[in-house]
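Remarks on the structure that follows.
The values are calculated or read from the model by the stated rules, or taken from the named source; none is laboratory data. Everything numeric in this text was worked out from a predicted model, so none of it was measured. Methodologically, a virtual Cβ is constructed for each residue, glycine included, from the backbone with ideal geometry; neighbour enumeration extends over all protein chains shown.
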Amino acid sequence: MYETISNFVAAFLTLSIFSFLYKDNPFYKFAEHLLVGVSMGYAIPVLYENVFIPYVYIPIFLNHDFIIIIPSLLGVLYILRFSKNLSWLARYPITFTMGIVGMGVPLSLHTSVLVQMRSAMLPLDNINTILIFIGTVTILLYFYFSKAHRGIYGKVTNMGIWFMMIGFGASFGYTVMARISLLIGRIQFLLGDWLGLIK
Amino acid sequence: MKRQIPLAIVITLGFLFVIHTFVPHKISQDFYDWFQTWIKAISPFAVFLGVMSLFNVHRTKISRRVPNWQYSVITLIGLFFTAFAGFMWGTQEGTPYMWLFTNVQMPMSATMFSLLAFYIASAAYKAFRARSAEATVLLVAAIIVMLGQVSLGAAITKWIPETSRWILNVPNLAAKRAIMIGVGLGMTATSLKILLGIERTYLG
């Protein structure tokens with residue numbers, strides 16, 4: 001009985017969302033708004049248990065590490081964002097969070113640029129690695145807009161477009177398959193778990 | 001002063017962390033660890049800000065009786081009841097909170113994402129109608145990758161899974177790598193702008 005009710009609720013909400021394929025309707029709007037509320041409501045106890053308890057409650061009340069009261073009070077300043085006169089105080093917790101951006105300069109340069117460049121260049125020992133190198137360089141040249149894409153340079157950047165199109169196609173195909181697999185999962189639930197038509 | 005002091009804090013902390021990255025001294029590492037505990041203590045309140053923001057948006061819709069305000073009531077009931085269930089009965093398996101996750105949140109979010117399968121199919125049709133050489137290359141690559149993921153592809157010819165793997169490992173990798181380098185340069189430039197006080201939009 002418990003499982004039947006659970007499946008019925010899940011099936012009703014699944015069909016409510018699928019009803020959007022026909023057109024926007026009250027069932028879809030109901031499910032959409034419920035999803036927003038439940039998702040946010042779900043996150044609150046998870047964050048309370050995984051972040052607030054170990055990093056605020058335990059240090060202050062159990063470990064008596066009272067210095068943690070200062071960042072906690074800074075965090076409370078976030079709420080003043082809704083005050084007309086004191087909203088400027090909400091900048092302080094933001095500034096502490098933004099301070100970490102200093103690490104972003106060398107780290108993003110290292111991981112996203114230097115490591116990628118090294119991987120693109122070494123080792124060029126077969127046709128595939130050479131193709132990867134040519135693809136990477138031609139795509140980067142395509143995004144260099146300080147020189148007109150004409151003549152031989154235009155032909156090189158055009159090659160970059162072709163590499164990008166193949167890359168986008170692959171990402172597109174991969175995304176479609178991920179969505180189709182989710183769709184199959186929902187149809188299996190409706191026909192199997194709920195209606196019992198497939199075993 | 002309401003803007004200058006926060007800006008000075010960001011710039012000072014930013015440069016300290018640049019130094020920390022290049023000089024991994026014990027003092028620097030201790031400062032970084034200490035700062036991490038502060039950031040973790042601040043972060044739960046940011047979530048509270050998000051909850052309050054959602055609550056205010058829907059409360060305003062309800063109080064002003066805007067069109068479809070009734071759905072805002074549903075959002076707030078979902079928000080408070082789920083959070084209440086988590087605090088009241090815990091978050092373990094078998095609790096009302098997990099029942100809500102398994103039978104309400106998870107089926108709806110999976111269905112919402114699966115809806116994209118239909119819209120992606122319609123986007124593919126539109127792309128194919130563009131009839132340019134580039135659009136055709138994109139679609140051929142997509143079809144090969146899609147067929148390569150399922151047993152039908154191997155049933156047609158063994159070349160399809162092999163070509164799919166090659167597309168993913170060679171031209172796709174080149175494209176992803178070039179985009180990654182572009183993203184990295186963009187991130188570095190944006191971080192520098194924040195660090196030097198040029199980018200200040202985060203101050204509101």
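Please count how many residues of segment B:1-28 are at pLDDT below 85 and either assigned to a helix (DSSP H, G or I) or touching a Lys or Arg at 6+ places or on another chain (Cβ under 8 Å) (or both).
1
Restricting the search to segment B:1-59, which residues are more than 23 Å from B:ILE198 (Cα to Cα) and polar (S, T, N, Q)?
B:SER28, B:GLN29, B:GLN36, B:THR37, B:SER43, B:SER53, B:ASN56
Being more than 9 Å from every other protein chain (Cβ to nearest Cβ) and surrounded by fewer than 13 Cβ atoms within 10 Å (Cβ to Cβ) is the filter here, so list the residues in segment A:155-190 that pass it.
A:LYS155, A:GLN188
Just a yes or no: is a residue in segment B:88-111 under 30 Å from A:THR97 (Cβ atoms), touching a helix residue (DSSP H, G or I) at 6+ places or on another chain (Cβ under 9 Å), more than 8 Å from chain A (Cβ to nearest Cβ) and buried (at least 19 other Cβ atoms within 10 Å of the Cβ)?
No, there is no match, as no residue in segment B:88-111 is under 30 Å from A:THR97 (Cβ atoms), touching a helix residue (DSSP H, G or I) at 6+ places or on another chain (Cβ under 9 Å), more than 8 Å from chain A (Cβ to nearest Cβ) and buried (at least 19 other Cβ atoms within 10 Å of the Cβ).
Of all the helices (runs of 4 or more DSSP H) wholly in segment B:124-204, which have at least 1 residues that are of a type in the set (Ser, Thr, Tyr) and within 11 Å of chain A (Cβ to nearest Cβ)?
B:133-149, B:159-169, B:171-195
If you scan segment B:45-73, which residues turn out to be facing another protein chain (nearest Cβ under 8 Å) and among the aromatic types (Phe, Trp, Tyr)?
B:PHE45, B:PHE48, B:TYR71
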